[in-house]
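Below: one structure, written as structure tokens.
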Amino acid sequence: MKNPRNKANWPRYVLQWGSLAAIIFFVSGLVRLLFPKMEPADPEALCPVGGLEALTTFFVRGSLPCSMSSLQIILGIVLAAAVILFSKLFCGYLCPVGTVEDLLMKLRKALKVKAVRIKSWGVLDKILRVVKYGLVFWIFYMTATASELFCKNLDPYYAVATGFKGEITLWMSIVTVSLVVLCGFFIDMFWCKYICPLGAISNSLKFWAWLLGITALWWVLGLVGLKLPWWVLLAALCVGGYLLEILCGHPKMQLLYVQKDNEKCNGCGLCSRACPYGIDVAGVTGKVTCVDCTLCGECTGACAKGALAVGPCKKSAGGFWKYVPALVTLLLLGIGIWIGGKTELPTINEQWNMEQVDAGSLKHFSMEPLRSVKCFGSSMAFKGKLVQIPGTHGVKTYVGKHRVVITYDPAVTTPEKIQEAIFVPTRFKVSAPYRQEVTQVKKVTLRTESMPDRMDLNNFGMQLRLSGKKIYGVESEFGCPLYLRVYMDPAEEADAKWFKEMVEKKSLDMPLPDGSVRSTPLSFKFVKMEPDAELLPVEDYIRHMFNPFEAEFNGRYADGVRKRALVYEGKPQFIYEVADPNYEKPVITRNLPFLSNHLSREEGIIGVYLRLNEEFIPSIQVRFAAPCTADRIWELMNENPWTITYKEGEDVREEPAKIAFKTPGVVKPWE
């Protein structure tokens, strides 16, 4: 009998292809064609698996994995609620990998390629189903242990969405993408049935009462003194979910099911052949309760007799109810995004030295935006600073809004003292003054607010660079309000009104090489401009703004390790100097430790420095003595790859050269 493919299933196709198109539009950067200021979306921004991983980590460690927000967590909770109340709606209507698997199945049928059949609920089917539960345990254990989303290492969607350039393990990503494409082409929904961790979680949640019982047992054992590690509970839930799936396979506590009217059914079997998961719908009497069912509607759309319909019971099935799964999917997604945008869990919630104080006497204050606090790692680094400040006892970080809430003892310290202690004075070079053009630099002092982070000065410096005026640099100094020192050409005119306009711009709009614009929201406040400007020699300004680098190496005597400077003491020493104004740029300075590490393996090289030479030009200087020569240094500097020693005698790697050198240097005596 010819399959009529009822058009009533169009809501599913609209959601499937609409969500896939939206992902491609926002993640690929095509969104910039219409909205030039909008950045490409984070591929993991709406990932419910990451949200459930983050929630697990929050319960285990009291912190969130790096870069996770409450949006993903809320969406993970919404997904769990959807599975418990309705079915695997995300899998059937939104998941991009599921859509690709569905497309591959249709492509195989169109090409008339014979499928590889794995008998549903046969021995091989049941064995393969254990794989996804093993992955769930591995992924959640690794995430909670390291506070990093481990699923990124092997998620096929994340690998493709980032162009295999994200936080992936390449071989894992290649394997999983291959499983999706190759196995998915020959075996219907191979990834979804046997590999997908979200499939394991969703199938387990259909037996939520049993999982709740396992969790209650673990909790009771802890109350009576048998405290089992958290991973034991995780393992028990994974094992329990797998056993329930293969031994039961028919949960019966949902609100919605595909309902079958046996009187209308003519036994044609079109419904079973249309089911992506191979469920024997034709052999069902009443409700389709198979754990694999996603309420996708393919079986109802294939039925020519109207014997199948979605509904809470047989009497209400059909009519409007056939649109309910798609509508519920959209509604829950909207609710999740709305709630996730309104709430935020702390990435870390840490306390220390609480036994030394009366908790009731402690106070809290918040700071935002601290743009350098953007993930778990930077949150812990911020906590490390606070621990060193007397009178501080806790911190919560909210990376979504770059906000921190600090707990302190008012009898010991104040918010102002804490802000001063954590403040990092920062310098930003806008452009380079040339001594042949100017002999003096004018220093103007501004007072501003809402610039607590070192990244704020960089953003303001970029605003000055885009202004077109002859401004050379800007630096910050703690104060309430903050001090900003702006260094500019003495002939340049810029009054308080102009500076106020620059400080209070609502966004930094950076032109990018591809013609688009990257927009960063800003909220700085201008307080005033100090009346007296100061003139200083250009040489003093250059020295003041220059950040030198120095690395000296060890050599070996028979009795141990000594400084190479001591090894070659009394012998002629020289400097091999390569000068370039660009050497003070961050792209160079952040790679100088790699260069010095690479050069340090050569006997006779004593140290590597970044200094100003006699002409006030930044120069990389290599200090050396015999047996090393200038030609050998130039050869080493131009080697590709560089040899980097990460751990003496154990971890030596070859890395691509990080700095290119064009003009050989000059040799000078070491003084």
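The values are calculated or read from the model by the stated rules, or taken from the named source; none is laboratory data. On a predicted model such as this, the values are computed, not experimentally measured, just so you know. Methodologically, a virtual Cβ is constructed for each residue, glycine included, from the backbone with ideal geometry; neighbour enumeration extends over all protein chains shown.
Here is a list of conditions, (1) buried (at least 19 other Cβ atoms within 10 Å of the Cβ); (2) more than 20 Å from the chain's Cα centre (by Cα), and Leu154 meets all of them except one; can you say which number that is?
(2) is the only condition that Leu154 fails.
Filter segment 114-134 down to the residues that are outside any helix (DSSP H, G or I) and under 28 Å from Ser19 (Cα atoms), then identify the one that is farthest from the chain's Cα centre (by Cα).
Top of the filtered list is Ala115.
Mind listing whichever residues of segment 645-671 are of a type in the set (D, E, K, R) and in contact with a strand residue (DSSP E or B) (Cβ under 8 Å, 6 or more places away or on another chain)?
Initial filter on segment 645-671 (of a type in the set (D, E, K, R)): 647-648, 650-651, 653-655, 658, 662, 668, 671.
Listed by number, the residues that qualify are Asp651, Arg653, Glu654, Glu655, Lys658, Lys668.
Take the residues in segment 577-611 that are in contact with a Pro (Cβ under 6 Å, 6 or more places away or on another chain) and modelled with pLDDT of 90 or more, then tell me which one is nearest to Pro664 (Cα to Cα).
So the first thing to find is which residues in segment 577-611 are in contact with a Pro (Cβ under 6 Å, 6 or more places away or on another chain), and the list is 583-584, 604, 610-611.
With modelled with pLDDT of 90 or more added as a condition, the list becomes 583, 604, 610-611.
On the way: Tyr583: 15, Gly604: 19, Leu610: 16, Arg611: 17 Å.
So, considering only residues that are in contact with a Pro (Cβ under 6 Å, 6 or more places away or on another chain) and modelled with pLDDT of 90 or more, the one nearest to Pro664 (Cα to Cα) is Tyr583.
Give the residues of segment 340-369 that are farther than 21 Å from Ser147 by Cα and crowded, with 16+ Cβ neighbours inside 10 Å, sorted by residue number.
Of segment 340-369, the ones farther than 21 Å from Ser147 by Cα are 341-342, 353-369.
Val357, Leu362, Met367, Glu368, Pro369 - these are the residues of segment 340-369 that are farther than 21 Å from Ser147 by Cα and crowded, with 16+ Cβ neighbours inside 10 Å.
Looking at (1) closer than 30 Å to His402 by Cα; (2) not assigned by TED's automatic domain parsing to the domain that holds Ile659, find the lone condition where Leu535 falls short.
(1)
Among (1) in contact with a Gly (Cβ under 8 Å, 6 or more places away or on another chain); (2) assigned by TED's automatic domain parsing to the domain that holds Glu602, there is one condition Gly473 misses while meeting the rest; what is its number?
So Gly473 meets the others, but not (2).
Residues checked against (1) of a type in the set (Gly, Ala, Ser); (2) at pLDDT below 95; (3) closer than 15 Å to Ile195 by Cβ:
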| position | (1), (2), (3) |
| --- | --- |
| Gly122 | yes, yes, no |
| Ile127 | no, no, yes |
| Leu135 | no, no, yes |
| Ala146 | yes, yes, no |
| Phe150 | no, yes, no |
| Ala161 | yes, yes, no |
| Phe164 | no, yes, no |
| Thr169 | no, yes, no |
| Ser173 | yes, yes, yes |
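From the list Phe526, Phe546, exactly one residue is closer than 20 Å to Val486 by Cα, at pLDDT 95 or above and surrounded by 13 or more Cβ atoms within 10 Å (Cβ to Cβ). Which is it?
Numbers: Phe546 fails: at pLDDT 95 or above.
Among Phe526, Phe546, only Phe526 is closer than 20 Å to Val486 by Cα, at pLDDT 95 or above and surrounded by 13 or more Cβ atoms within 10 Å (Cβ to Cβ).
For segment 550-562, state whether one or more residues are within 30 Å of Ser372 (Cα to Cα) and either touching a residue at least 24 places away in the same chain (Cβ under 8 Å) or not assigned by TED's automatic domain parsing to the domain that holds Leu464 (or both).
Narrowing segment 550-562 to residues within 30 Å of Ser372 (Cα to Cα): 550-551.
Subset that is either touching a residue at least 24 places away in the same chain (Cβ under 8 Å) or not assigned by TED's automatic domain parsing to the domain that holds Leu464 (or both): 550-551.
Yes, segment 550-562 contains at least one residue that is within 30 Å of Ser372 (Cα to Cα) and either touching a residue at least 24 places away in the same chain (Cβ under 8 Å) or not assigned by TED's automatic domain parsing to the domain that holds Leu464 (or both).
List pairs: first residue in segment 275-294 and on the phi > 0 side of the Ramachandran plot and not assigned by TED's automatic domain parsing to the domain that holds Phe90, second residue buried (at least 19 other Cβ atoms within 10 Å of the Cβ) and of a type in the set (A, V, I, L, M) anywhere in the structure, Cβ distance under 9 angstrom, at least six positions apart or on different chains.
Gly278/Met189
Tell me, which strands (runs of 3 or more DSSP E) lie completely within segment 374-450 with 1 or more residues that are under 25 Å from the mean Cα position of the chain (by Cα) and surrounded by 16 or more Cβ atoms within 10 Å (Cβ to Cβ)? Give the derivation first.
Values: elements: 392-398, 403-408, 427-429, 440-449.
Counting at least 1 such residues, we get 392-398, 403-408.
Please enumerate the residues belonging to segment 77-111 that are under 16 Å from Pro325 (Cα atoms) and assigned to a loop (DSSP other than H, G, I, E, B). Steps first, please.
Looking only at segment 77-111, we keep the residues that are under 16 Å from Pro325 (Cα atoms), and these are 78-95.
Of everything in segment 77-111, those that are under 16 Å from Pro325 (Cα atoms) and assigned to a loop (DSSP other than H, G, I, E, B) turn out to be Phe86, Ser87, Lys88, Leu94, Cys95.
Just one of the numbered conditions (1) assigned by TED's automatic domain parsing to the domain that holds Lys193; (2) modelled with pLDDT under 85; (3) of a type in the set (Lys, Arg) is not true of Lys2; which one?
Only one criterion is unmet by Lys2, namely (1).
Quickly run through segment 583-614 and pick out the residues that are free of Cβ contacts under 8 Å to residues at least 24 places away in the same chain and either within 42 Å of the chain's Cα centre (by Cα) or assigned to a strand (DSSP E or B) (or both). So that I can check it myself, show each step before the final result.
Going residue by residue through segment 583-614, those that are free of Cβ contacts under 8 Å to residues at least 24 places away in the same chain are 585-587, 590, 614.
Lys585, Pro586, Val587, Arg590 - these are the residues of segment 583-614 that are free of Cβ contacts under 8 Å to residues at least 24 places away in the same chain and either within 42 Å of the chain's Cα centre (by Cα) or assigned to a strand (DSSP E or B) (or both).
For the subset of segment 451-499 comprising residues that are assigned to a helix (DSSP H, G or I) and in contact (Cβ under 8 Å) with a residue 60 or more places away in the chain, which member is nearest to the chain's Cα centre (by Cα)? Steps first, answer last, please.
In the first step, residues of segment 451-499 are kept if they are assigned to a helix (DSSP H, G or I); the result is 454-467, 496-499.
Okay, now just the ones that are also in contact (Cβ under 8 Å) with a residue 60 or more places away in the chain, so 454-456, 459-460.
Values: Arg454: 21, Met455: 19, Asp456: 21, Asn459: 22, Phe460: 25 Å.
Looking at residues that are assigned to a helix (DSSP H, G or I) and in contact (Cβ under 8 Å) with a residue 60 or more places away in the chain, I get Met455.
When residues of segment 624-644 are filtered for being in contact with a strand residue (DSSP E or B) (Cβ under 7 Å, 6 or more places away or on another chain), within 25 Å of Glu569 (Cβ to Cβ) and either not assigned by TED's automatic domain parsing to the domain that holds Phe661 or not in a loop (DSSP other than H, G, I, E, B) (or both), how many remain? Write out each step before concluding.
Residues of segment 624-644 that are in contact with a strand residue (DSSP E or B) (Cβ under 7 Å, 6 or more places away or on another chain), as a first pass: 624-625, 628, 630, 633, 641-644.
When the remaining residues are screened for being within 25 Å of Glu569 (Cβ to Cβ), the result is 624-625, 628, 630, 633.
Checking which are either not assigned by TED's automatic domain parsing to the domain that holds Phe661 or not in a loop (DSSP other than H, G, I, E, B) (or both) leaves us with 624-625, 630, 633.
Residues in segment 624-644 being in contact with a strand residue (DSSP E or B) (Cβ under 7 Å, 6 or more places away or on another chain), within 25 Å of Glu569 (Cβ to Cβ) and either not assigned by TED's automatic domain parsing to the domain that holds Phe661 or not in a loop (DSSP other than H, G, I, E, B) (or both): 4 in total.
Are any residues in segment 272-321 over 38 Å from the mean Cα position of the chain (by Cα), closer than 19 Å to Lys88 by Cα and assigned to a helix (DSSP H, G or I), and if so, which ones?
Across segment 272-321, the qualifying residues are Ser272, Ala274, Val281, Cys299, Thr300, Gly301, Trp321.
To keep it simple, each residue is scored yes or no on (1) within 22 Å of Arg543 (Cα to Cα); (2) surrounded by 15 or more Cβ atoms within 10 Å (Cβ to Cβ); (3) of a type in the set (A, V, I, L, M).
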{"residue": "Lys585", "(1), (2), (3)": "yes, no, no"}
{"residue": "Glu602", "(1), (2), (3)": "no, yes, no"}
{"residue": "Gly607", "(1), (2), (3)": "yes, yes, no"}
{"residue": "Ile644", "(1), (2), (3)": "no, yes, yes"}
{"residue": "Arg653", "(1), (2), (3)": "no, no, no"}
{"residue": "Lys658", "(1), (2), (3)": "no, yes, no"}
